[in-house]
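Structure first, then comments.
The values are calculated or read from the model by the stated rules, or taken from the named source; none is laboratory data. Predicted, not measured: the structure shown is a model, and the values here were computed from it. Every residue, glycine as well, gets a Cβ built from its backbone with ideal geometry; the counts of neighbours run over all protein chains shown.
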Amino acid sequence: MRAALYARVSTHDQQTLEMQVNAMRSYIKDRGWKVAKQIKDVGSGVKERPGRELLLEAARRREVDVIVAWRLDRWGRSLPDLVVTLREVADLGVGFVSLTEALDLTTSTGRAMAGMVAVFAEFEREILRDRVRAGIAQARRKGRPHGRPRTASLKAADVHRLKADRLSHSEIARRLGIGRTSVRRILTRP
């Protein structure tokens, strides 16, 4: 099997990069696989990971059969990102191994574990969605406004007055500090 290894460190933790690579190379050798790609990303957690994107592109082109990462948090930016990318990798027919968590999606047990991770991620999203809905409902019950504050509609009389003076939509928007789309919307309402 053609394996791709993915190592990532933050800028504060660069001394572990070679340790990760060596451990993954040893694992790949022990499995009898061949290293087809080696990607190293350096950067903090939530920023883009260009190396990972290159590796996903290689998986989409069927250049690798399995991806080996040091840890799940090295691969995924967040739980939802982790679930989405692992699902994509699995849908492509590419295996995934997280070395330190002993998660091997090339086995049926590993795929079952990934399924449980996906279930918990969906559960987390549902809980968050319910909390947001409850918060909005509570705010409405207390009479607090929800959503974007009305700004442009409060200036409707000024918009109509300036339009009667034959000003362009852009000029009206500039003078009142609102968007041109808002000006158009106000002028098209009956």
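Close Cβ contacts (under 9 Å, 6 or more residues apart or on different chains) running from residues in the range 99-121 that are over 14 Å from GLU88 (Cα atoms) to residues that are surrounded by fewer than 15 Cβ atoms within 10 Å (Cβ to Cβ) and among the acidic types (Asp, Glu) comprise MET113/GLU101.
If you check VAL83, VAL117, VAL132, VAL94, which single one turns out to be closer than 21 Å to LEU56 by Cα, modelled with pLDDT of 85 or more and not aromatic (Phe, Trp, Tyr)?
Details: VAL83 fails: modelled with pLDDT of 85 or more; VAL117 fails: modelled with pLDDT of 85 or more; VAL132 fails: closer than 21 Å to LEU56 by Cα.
It is VAL94.
Which of the following residues is outside the structural domain of PRO80 (by TED's automatic domain parsing), touching a helix residue (DSSP H, G or I) at 6+ places or on another chain (Cβ under 8 Å) and farther than 17 Å from ARG189 by Cα: HIS146, HIS160? Spell out the reasoning first.
Values: HIS160 fails: farther than 17 Å from ARG189 by Cα.
So the residue among HIS146, HIS160 that is outside the structural domain of PRO80 (by TED's automatic domain parsing), touching a helix residue (DSSP H, G or I) at 6+ places or on another chain (Cβ under 8 Å) and farther than 17 Å from ARG189 by Cα is HIS146.
Criterion applied to ARG62, ARG77 was being among the basic types (Lys, Arg), modelled with pLDDT of 80 or more and over 30 Å from ALA173 (Cα atoms), and the one residue passing it is ARG62.
I'm checking my understanding of the structure. Among residues of the range 75-98 that are surrounded by fewer than 20 Cβ atoms within 10 Å (Cβ to Cβ) and in contact (Cβ under 8 Å) with a residue 40 or more places away in the chain, which one is farthest from the chain's Cα centre (by Cα)? Once the filter is applied, the top-ranked residue is LEU79.
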